[in-house]
Amino acid sequence: GRCTAPCLVDVTRGTIVSNESNDILVLLNEYARKRTFSAASDAAAAAAAANSAVDLRPVGMEDEIDTASDYWFNLLWNGAYKCGFATTQTAYDEAASDVLQGLQEMNDHLTNNAYLVGDSITEVDVKNFAWVTRHDHAYTVIFKSPGGRIAQYPHIASYVRRLVTEYPRLLDTVDMPDACGSYYRQLFMLNVGRIVPYIPSVREWVAGL
């Protein structure tokens, strides 16, 4: 059958665990949390490990995180796709309005907040990083998603720079030429000639913000 991504596989059993990105994020975070505590030799070590570990879904914040994820998904993360696959002008206009609203609201939110939820990185920021690194060189072009470049939104741009400074391994999670280029190569109906424009590396892109 057709291969889809992402896909979490249990290599021991040879079975697919999930191909839903939200579920995979939750599962991997729970796994990392359990490993952090199981590796600690005593209660004091466990507490120290918990303080130093990155927990993308802190206990007690689940509802707030899910609410924020749903909100940004509807306006921005899926809004770009709704622009790209709109089959009527009305549908496109509605989706484009959502994207413009989302960009402005996110920029406003980040004026006085370091993260999208709470005072530390969560799964909402990880999801947003995947979206923001595709916005300039895929969504605004092939999907006609409006709003211009991320550099035009100073607080979003500052947020991205801060994220990769605090968590530099985020840069290793995105191959922008491949991730953005796949839209041009695979969406034949939106790019008949399959011409792929120049797409910078994620490090080049961040440096230009």
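Things to note:
- Helix content alone sets the calculated 222 nm mean residue ellipticity of the chain: runs of n ≥ 4 DSSP H residues at -39500 (n - 2.57) each, divided across all residues, give -16500 deg cm²/dmol.
- Nearest-10 value in Å² for the accessible area of Ile142, using the 1.4 Å probe: 10 Å²
- Across the chain, C-alpha contacts under 8 Å between residues 6 or more apart give a mean separation that, scaled by the residue count, equals a relative contact order of 14 percent.
- Neighbourhood charge, 13 Å Cβ-Cβ cut-off, centred on Leu27 and excluding it, Lys, Arg +1 and Asp, Glu -1: -1
- Virtual spin-label span in nm between Asp119 and Phe85, 7 Å along Cα→Cβ: 4.1 nm
- Charge sum, other residues only, whose C-beta stays under 13 Å from Ser182's C-beta, Lys/Arg counted +1 and Asp/Glu -1: +1
- Prolate/oblate/rounded call for the chain, Cα gyration tensor, a/c under 1.5 rounded: prolate
- Each residue, Tyr198 and Arg161, gets one label point 7 Å from its Cα in the Cβ direction; the gap between the two is 2.2 nm.
- Accessible surface computed residue by residue for the chain, with neighbouring protein chains in place and a 1.4 Å probe, gives 57 Å² per residue.
- 0 to 90° range, to nearest 10: angle between helix 154-166 axis and the chain longest Cα axis: 40 degrees
- Sequence-distant residues sharing a close amide H with Ser145 (under 5 Å, placed H): Thr140
- Two-site label geometry, Ser21 and Asp172: point separation in nm, points 7 Å out along Cα→Cβ: 2.1 nm
- Within the shell defined by Cβ-Cβ distances under 13 Å, the residues around Leu209 carry a net charge of +2, with Lys and Arg each +1 and Asp and Glu each -1.
The values are calculated or read from the model by the stated rules, or taken from the named source; none is laboratory data. Because the structure is predicted, anything quoted here is derived from the model rather than measured. Glycine gets a Cβ as well: all are built from the backbone with ideal geometry, and neighbour counts include every protein chain shown. Accessible surface is based on the protein model in full, side chains and every heavy atom, while ligands, DNA and RNA are left aside. Shrake-Rupley method; radii C 1.70, N 1.55, O 1.52, S 1.80 Å.
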